[in-house]
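Only one structure is covered here, and it is reproduced in the block below.
The values are calculated or read from the model by the stated rules, or taken from the named source; none is laboratory data. Quick caveat: nothing in here was measured; it's all calculated off a predicted structure. Note that we place each Cβ from the backbone using ideal geometry, even for glycine, and neighbour counts take in every protein chain shown. Calculation scope for accessible area: heavy atoms of the full protein, side chains included, ligands and nucleic acids excluded. Shrake-Rupley method; radii C 1.70, N 1.55, O 1.52, S 1.80 Å.
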Amino acid sequence: MSGIDILGTGHYVPENRLSNDDLSKMVKTNDEWIFPRTGIKTRHISKTENTSELAYQAAKKAIENSGIDKSDIGFIIVATCSADNIMPSVACMLLDRLDLNNQHVMAFDLNAACTGFVYALSVANALLATRPDKCAVVIGAEVFSKLLDYTDRSTCILFGDGAGAVVVKYCASAKFYQVISSKGNTDALRIPGVPFYDCTEPSYCTMNGQEVFKFAVEYPSYSMQEVLDHLGYTMKDIHYVLFHQANARIVASVSKRMKIRQEQLYMNIEEYGNTSAASIAIMLDEMNQKGLLKKGMKLLLVGFGAGLTWGTIYLEW
Ligand code: COA
């Protein structure tokens, strides 16, 4: 088995915060409703910085943290569903700022909604096997706030902005296994794109909260179980589960179902809300900076989101 080594991590969130109390002045809601149902207290909301800026700041930190030479970078993958432009990609926008324009870099964005970072890491794993001499910078970055209707209390309370990044390299002795999947569903969670024909629909996020909740408790669990079964492990063998921070109640339900102990979980939803594709990457960096991750630790990275998309990656730190 071969896989990837994570050489460095970084994250960046806008300074501006939007608390539940702040939201209660904008829509008919309050902390007493939001916190028990979601685990969210506040979120970071960009005032002027776009997705490429957040992605750049996170990538810069991850590259510094990895200690690699920039000439080693062969791939930049940005998982996002809130890119600055439809084209060029956020990944291409980073090339200039990271001073990578004078070398061969395959740079592209990937949209798998909140599962984006899991998808991007899986793609990086496959690409690096073809270029073991190169590194990939894999970024999850979102300014989700620009896609929200701040008069719709059922969605605007959930999401926040942020970016996380990792630098990864092929490793012949690394263990990496994934079960990643998708199924077409445009009703549960959707943000319309460029208006087509005589469309009058606004470009905001709409969601069937209960449908998404049920999906989130069920499908990621299947992928986790399949990964564990393939590797011959039980949940007890896993050091940390980095479960997409969409809702603390979803994490609690999945933990009960999958027998994940509290100490196996890392949670930061209270501070950031749901940062979509950035969520797992931000967790990785925070855990790294706090010294929680020790060499050889067994990790499950679990994502789910619109598409519908979901998946679990097993890797060792
Ligand atoms: N503040 C106050 N009341 C609110 C509210 C808010 N922010 N949002 C909804 N309500 C109201 C509804 O209008 C409804 O009122 P009614 O009974 O008078 O009609 C009531 O609360 C219950 O609404 P419901 O949508 O059934 O709530 P819920 O218990 O399903 O919780 C979510 C809503 C969004 C917290 C929950 O469904 C959820 O977390 N779903 C998953 C969402 C998710 O994770 N999405 C991203 C996936 S990547």
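A few points about this structure:
- When T42 is tested against the conditions (1) away from the ligand (no atom under 16 Å from the Cβ); (2) in contact (Cβ under 8 Å) with a residue 60 or more places away in the chain, the lone failure is (1).
- Note on region 88-102: residues that are out of contact with any Lys or Arg (no Cβ under 8 Å at 6 or more places or on another chain) and over 14 Å from T51 (Cβ atoms) total 4.
- Single match in D133, D109 (criterion: modelled with pLDDT of 95 or more, in contact with a helix residue (DSSP H, G or I) (Cβ under 6 Å, 6 or more places away or on another chain), farther than 22 Å from V241 by Cβ and of a type in the set (D, E, K, R)): D109
- Condition check for R261: of a type in the set (K, R), under 30 Å from E32 (Cα atoms) and either crowded, with 21+ Cβ neighbours inside 10 Å or within 16 Å of the ligand (Cβ to nearest atom) (or both): no
- Of the residues making up region 64-84, those that are among the β-branched types (V, I, T) and under 20 Å from G116 (Cα atoms) are I76, I77, V78, T80.
- Hits in region 227-257 - residues which are away from the ligand (no atom under 16 Å from the Cβ) and within 21 Å of the chain's Cα centre (by Cα): V227, I238, H239, Y240, V241
- Spans of helices (runs of 4 or more DSSP H) in region 228-317 with at least 3 residues over 23 Å from A165 (Cβ atoms): 248-258
Conditions (1) more than 16 Å from the ligand (Cβ to nearest atom); (2) within 21 Å of D149 (Cα to Cα); (3) touching a strand residue (DSSP E or B) at 6+ places or on another chain (Cβ under 6 Å); (4) open to solvent by 20 Å² or more (accessible area, probe 1.4 Å), marked per residue:
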| residue | (1), (2), (3), (4) |
| --- | --- |
| Y12 | yes, no, yes, yes |
| K28 | no, yes, no, yes |
| G67 | yes, no, no, yes |
| D96 | yes, no, no, yes |
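- Number of positions in region 203-226 that are more than 11 Å from the ligand (Cβ to nearest atom) and either in contact with a Pro (Cβ under 6 Å, 6 or more places away or on another chain) or at pLDDT 95 or above (or both): 9
- Checking each residue in region 69-94 for being touching a Leu at 6+ places or on another chain (Cβ under 7 Å) and open to solvent by 70 Å² or more (accessible area, probe 1.4 Å) picks out only K70.
- Filtering region 30-65 to residues that are of a type in the set (K, R) and open to solvent by less than 50 Å² (accessible area, probe 1.4 Å) leaves only R43.
- Among the residues examined, V179 does not qualify as under 21 Å from the mean Cα position of the chain (by Cα) and closer than 24 Å to I40 by Cβ.
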